[in-house]
Every structure is written in C-alpha cells, then in structure tokens.
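Below: one structure, written as structure tokens.
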C-alpha cells in the first residue's frame, strides 16, 4: 500500500455497494433531480434522503423500492408511521407501482406496514427496507429503536427518508448512521466530537455537551454527505426551483393572560424549569383553549389544532362544535378514519397531538394551523409542514398560543429553529462541494494533507 492509498483508507466515507441502473429505466414522472437522487441512492446501496416536506420523498422511495425489488428478485418492505401507509398506497397508484399494505404477510413485491408491526416480519424475506419519516426513530424507546436498527442491518439495501434527520443537534445524525450500518452512535461521537461544558451544544435529555473536535468538522460533513443527500428546495442540488416555491407563511404569536396566578406569587412571571412550565400550562388550559377556539370557529375553513395534553384536546373539542379529536386511546382504524375524513373535507377542524400525527401526512387542503407552544422544534416544524408544504396553493397562517409565563419556552423554540437552519445550510454547502447534481456526476474530492507533504 502506498501513502496515497493509506490516506484514502482513513477517509470517513461509505463506498458504493449498490445497484447501477441506466437513467432511462427510472419512472418518467419523476423530476430530473428526483431521478438523480434515486440513481445515487441505488448506487450507494445504503443511504438517506433528507428532503423537505412536499419534495416527493414518497415517489422517490417507491421508485427505489421498485428497482431494488426488480434487480434482486425479492420483496422490499416500507416502514411508515400510522396513517401514512394508506397514503403511500395511493401515491403508488399515481405512478402505476403496485404496493400492498400488510400486517405480516409477504405476498407482493413492495409491501408497506406500520413501524409497530415490524415484529411480524423477518429480514431474510426482503432485499431492501425503507424507513419513511425515519426521524421518528429517535422518538421510540430503546427497545423499539434497537429492533428497527437490527432489522435494517440484516437487509442488504436500506433507505432512510425524512425532512428532519437532526432538527437542531448534529449528533442526532448518529441514529441514521447506525440504521444504515455505518458508524454506530457512540462510535460517531468518539470519532468527531468531544465533551465541552462551555458551549451551547447540548443533546436533549442527558445533560451532556458535545462539540466538534478541532480537526473534525469538515471530515464529519464529508462523511455525512457520503451516505446522505439533503435539500430544502431543488436549487440546493443545482436544479431550478420552478414549481417548488412555497406560498407565504404568517406566524402570529398570541400571548394569553392567565386569570389566576401561582399561589406563592403576586403576579405571573416567566416560568423557569420543567415543573413551573408544567404548572402554568395546566393552570391556563381554559384561557388558551378559548383563544384557540376563537381562531378557528365560524371561519368555514379547515384547521388543525395541535395540543400536548389530553385536557387541552378535550377542552378544544367542547369549545369547537365541528371539531373532532384523534387521541392515543383510539384504535388504529379509528385514527386513520378521522385522518381520511379531515383530508377529504368531511371533518373541518382536527384536534391532535404532534406525537400522534405530525409525521408524513399531506394536508395541503388546509391553510390554518393552531399550535400550543412547546420546547420541541421538530414537533413544531412537522406540525406546520403538514399544511405548509410544496403543493400548497394558499398562504398559510400559524397561530402560536402561549402565556406570558411561557416566554422561555418560546425563546428556546426560536433558538432551536435558528440552529436547525444553520445545520441544514452546513450540510447543503458541504454536499455541494462533494457532488455535482447536473447529470449526477460527483466531484473527485481532493485529499488534504500536512503542508510539509
């Protein structure tokens, strides 16, 4: 091995281990940039598509599944959140692709099922697996996430699709890497990051701060770009944005004054810490729901109201005569029935929690969102993007409802939003430095070595 080969062996990238197909075999209904992403993903074998809502992740994953199944002469399994599976089947019909929804039977070339039904399947029955809305993986408990990761790593061809792979924290990309069989989560941290309690780079939940090692930031993004493609609009990978320009989004922040105060205070002040935030949230349910109801009642237009507490949702249904709630206690069939009723205009106002229906559903018919504020940027982003997505023809209004004491929560949400924008910009910039979208020809990367060499 010469020295150049030695340097190449140290690069943190994934080599191609997939299928090379001619561009003309890709479905002609795909846009050019969608076709090129599918070709790249097939060539990689194990990859991720981080494309924004409405950019056609479903058609891309369906075409990927069709070509993998045809090449390997073996079925492909698509895993999707609840209620997204029937939407996937409808989308496949538009492209003339046969997809069967299943709860455990392997009877077709392309199968789609809910994440919760994965235990009914065996990886040896499939040539490929697709995780639709794969960012949902980090929402599962450790057992479920491990089950999905182990299933995927035993299937040769793997594809992850999501708009929010790591909403505002780079290290969350480790979950995607682990599913694809690349660096494990802990290995990724050890290779690219180090502890640093002096920087605002916090991973939610464990109180551990991480920052890039001094030499590792460019290497990290180059590694991510070796197995992922990211875009918020076609121009991010060199194509025209014609037809993919979103209508205006108006975010209106309404501050609700509490009727009662905390027993130990003369007047309400900004809540600090989880317990104070929880207390003010519960104490102001009636006030916040009254404002939310006033936003959607008597408009005659579809609206979706995003709550976080059962009491909030129950109160909203009482205050909105034509609203209906999707709750966690509903059966899967009941949830899907309500989603379908809302989608087709049979239900005007839908009341729901983000953890139940914020992923993957297309509600471009609705241009009004009401959101009770929380710390989760991903939940907020996904909730808004059910309506404000490519294919939406009207300006979208988002009414954000909060109390005076929830100022800290709102500040945190804005901070996370800015962090998410910075992360996505970094990813797109490094990606554009390592590949050429026009004609799908990749750059030959230059290896940086010490100046004395």
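The values are calculated or read from the model by the stated rules, or taken from the named source; none is laboratory data. What you see is a predicted model, and the numbers here were worked out from it, not measured in a lab. All Cβ positions, glycine included, derive from the backbone under ideal geometry; neighbour counts span all protein chains shown.
Determine whether region 398-414 contains at least one residue that is surrounded by fewer than 22 Cβ atoms within 10 Å (Cβ to Cβ), assigned to a loop (DSSP other than H, G, I, E, B) and touching a residue at least 24 places away in the same chain (Cβ under 8 Å). There is no residue in region 398-414 that is surrounded by fewer than 22 Cβ atoms within 10 Å (Cβ to Cβ), assigned to a loop (DSSP other than H, G, I, E, B) and touching a residue at least 24 places away in the same chain (Cβ under 8 Å). When residue 421 is evaluated against the numbered criteria (1) at pLDDT 50 or above; (2) more than 27 Å from residue 309 (Cα to Cα); (3) surrounded by 15 or more Cβ atoms within 10 Å (Cβ to Cβ), which criterion, by number, is the only one it fails? Every listed condition holds for residue 421 apart from (3).
Note on region 269-388: enclosed helices (runs of 4 or more DSSP H) holding 3 or more residues that are crowded, with 21+ Cβ neighbours inside 10 Å are 285-296, 310-319, 332-343, 377-385. Here region 6-30 is the region considered, the condition is being exposed (fewer than 12 other Cβ atoms within 10 Å of the Cβ) and at pLDDT below 60, and the residue that is farthest from the chain's Cα centre (by Cα) is 6. For region 53-108, the tally of residues that are in a loop (DSSP other than H, G, I, E, B), exposed (fewer than 15 other Cβ atoms within 10 Å of the Cβ) and at pLDDT 90 or above stands at 3. Consider region 109-129 and keep the residues that are surrounded by 15 or more Cβ atoms within 10 Å (Cβ to Cβ) and part of a loop (DSSP other than H, G, I, E, B). The one that is farthest from the chain's Cα centre (by Cα) is 109. With respect to being modelled with pLDDT under 95 and either more than 18 Å from the chain's Cα centre (by Cα) or part of a helix (DSSP H, G or I) (or both), residue 33 fits the description.
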